[in-house]
Amino acid sequence: MKTIISARRKLTTAIAGLSAATLTFAAMGLQAEQTVNLGHTLSDSSHYSVGADAFKETLERLSDGEFKVAEHPSGSLGGERAMIEGLQIGTVDVVITSSGPLGNFVPESYVLDLPFLFADYEEARCVLDSEIGQDLLAKMGDHNLVGLAWSENGFRHMTNSKLQINSPEDAKGLKVRTMENKVHMAAFEQMGVHPTPMAFPEVFTALQQGTVDGQENPITVIVATKFWEVQDYLTLTGHVYSPAIVLGSPVLLEGLNEEQRSWFQQAADASAEATRDEVTRLEKDGVALLRGEGMTVTTDVDKAPFQKAVEPAYKVYTDQYGNEMLKRIRASSC
């Protein structure tokens with residue numbers, strides 16, 4: 001009996017000591033290390049991963065190790081839509097995603113997917129960094145998401161395994177994977193293309209098996225995913241500027257103090273800057289790389305027929321969402 005009582009006393013003393021230590025650490029402002037799960041759908045050698053590395057370095061440095069970032073590339077946490085849903089319920093902490101599925105959650109963002117909306121990178125980046133882009137980020141909060149920063153994919157181009165495309169007529173009848181985005185799909189339907197939305201992690205296999213004939217993405221994604229292995233032709237249509245966005249989970253961020261939230265914001269800003277720099281580099285070097293890998297690349301493209309073919313897609317957007325945001329973008333001084 002004395003042995004049991006003695007053991008109980010020792011256990012009680014140990015628990016008391018742990019409690020005292022916990023209170024002491026709390027009083028000193030020390031917290032347990034917290035892992036932040038960051039997901040994206042591209043490879044760990046992609047421009048998204050460059051952005052993820054910048055996010056990780058910045059957050060871990062600013063927080064002095066209080067937060068550790070675990071990158072989950074290549075869709076290991078699911079497709080983009082699934083990861084955005086994960087943000088809303090707190091199973092994912094941070095996501096770098098294209099704007100493709102974003103309109104399903106934040107309809108106002110569909111405006112960015114209108115074809116031939118921006119003339120070049122300078123104009124697109126200027127608009128997204130202006131009050132217009134910040135207003136769109138703020139709207140994420142109305143849909144249980146935290147918009148941290150506009151990142152980048154680049155201007156989207158068409159690839160396929162059938163023929164060289166020089167005009168919208170050439171593309172008619174092709175089955176092309178598009179993003180899960182009705183504005184994109186409407187634009188391709190106007191060209192006579194059969195748009196086939198699917199989650200990005202499924203695309204390479206679908207091209208390999210001939211389920212679809214082609215896809216459309218920026219040079220950055222075409223390079224990162226090695227689409228030259230399953231696609232023979234690339235046409236630099238530049239039909240849509242494709243931003244990316246760094247999103248956070250309100251489940252995580254709303255539980256942080258002001259200083260901690262500022263660390264996440266600075267990390268997102270660093271991520272966007274690093275990603276844009278990598279896009280600029282890949283846009284410069286990517287075409288030569290793809291040609292070296294055997295793709296036939298059409299660079300001299302008359303965009304006017306493509307612009308005319310997809311113009312009805314604007315009505316799909318304005319009929320449902322009005323033209324206020326579109327007017328603001330067109331009236332911008334960028």
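The values are calculated or read from the model by the stated rules, or taken from the named source; none is laboratory data. Keep in mind that this is a model prediction, so the values were computed, not measured. FYI the Cβ positions are ideal-geometry reconstructions off the backbone, even for glycines, and counts take in every protein chain you see.
Would you be able to say whether some residue in region 150-164 is aliphatic (A, V, I, L, M), over 30 Å from GLY90 (Cα atoms) and assigned to a helix (DSSP H, G or I)? Within region 150-164 (the criterion being aliphatic (A, V, I, L, M), over 30 Å from GLY90 (Cα atoms) and assigned to a helix (DSSP H, G or I)), the answer is no, since none of the residues qualifies.
A Cβ distance below 6 Å, combined with a sequence gap of six or more or placement on separate chains, defines the contacts here; from region 291-304, residues that are over 23 Å from PHE116 (Cα atoms) reach residues that are in a strand (DSSP E or B) and of a type outside the set (Val, Ile, Thr) in the pairs MET295/LEU234; THR296/TYR233. Kindly indicate the residue of region 223-254 that is in a helix (DSSP H, G or I) and at pLDDT below 95 and also farthest from ALA82 (Cα to Cα) among those meeting that condition. Within region 223-254, the match that is farthest from ALA82 (Cα to Cα) is VAL223. Can you find, within region 140-174, the residue that is farthest from THR296 (Cα to Cα) among those that are buried (at least 16 other Cβ atoms within 10 Å of the Cβ) and free of Cβ contacts under 8 Å to residues at least 60 places away in the same chain? It comes out as HIS143. Checked against the criterion of being touching a residue at least 12 places away in the same chain (Cβ under 8 Å), more than 17 Å from GLY75 (Cβ to Cβ) and hydroxyl-bearing (Ser, Thr, Tyr), region 224-233 has at least one qualifying residue. Could you list all residues from region 284-326 that are of a type in the set (Lys, Arg) and modelled with pLDDT of 95 or more? Once the filter is applied, which keeps residues that are of a type in the set (Lys, Arg) and modelled with pLDDT of 95 or more, region 284-326 yields only ARG291.
Summed over region 37-59, residues that are crowded, with 24+ Cβ neighbours inside 10 Å, outside any helix (DSSP H, G or I) and at pLDDT 95 or above total 3. Considering PHE67, PHE105, the condition of being modelled with pLDDT under 95 and surrounded by fewer than 24 Cβ atoms within 10 Å (Cβ to Cβ) is satisfied by PHE105 alone. Inside region 97-111, can you point out the residues that are over 15 Å from GLY322 (Cβ atoms) and part of a helix (DSSP H, G or I)? LEU102, ASN104 - these are the residues of region 97-111 that are over 15 Å from GLY322 (Cβ atoms) and part of a helix (DSSP H, G or I). The sole residue among GLN215, GLN208 that is on the phi < 0 side of the Ramachandran plot and either surrounded by fewer than 22 Cβ atoms within 10 Å (Cβ to Cβ) or touching a Pro at 6+ places or on another chain (Cβ under 9 Å) (or both) is GLN208.
When the residues of region 134-170 are filtered to those that are small (Gly, Ala, Ser) and more than 15 Å from the chain's Cα centre (by Cα), the one that is nearest to ALA187 (Cα to Cα) is SER167.
Check region 183-193 and report whether any residue there is surrounded by fewer than 24 Cβ atoms within 10 Å (Cβ to Cβ), modelled with pLDDT of 95 or more and not in a loop (DSSP other than H, G, I, E, B). No - not one qualifying residue is present in region 183-193. Looking at region 302-334 only, could you name the residues that are among the small types (Gly, Ala, Ser) and either surrounded by fewer than 11 Cβ atoms within 10 Å (Cβ to Cβ) or on the phi > 0 side of the Ramachandran plot (or both)? Those that are among the small types (Gly, Ala, Ser) and either surrounded by fewer than 11 Cβ atoms within 10 Å (Cβ to Cβ) or on the phi > 0 side of the Ramachandran plot (or both): ALA304, GLY322, ALA331, SER333.
Does region 51-71 contain at least one residue that is within 16 Å of ASN153 (Cα to Cα) and either of a type in the set (Ser, Thr, Tyr) or without any contact (Cβ under 8 Å) to a residue 12 or more places away in the chain (or both)? Among the residues of region 51-71, not one is within 16 Å of ASN153 (Cα to Cα) and either of a type in the set (Ser, Thr, Tyr) or without any contact (Cβ under 8 Å) to a residue 12 or more places away in the chain (or both), which makes the answer no.
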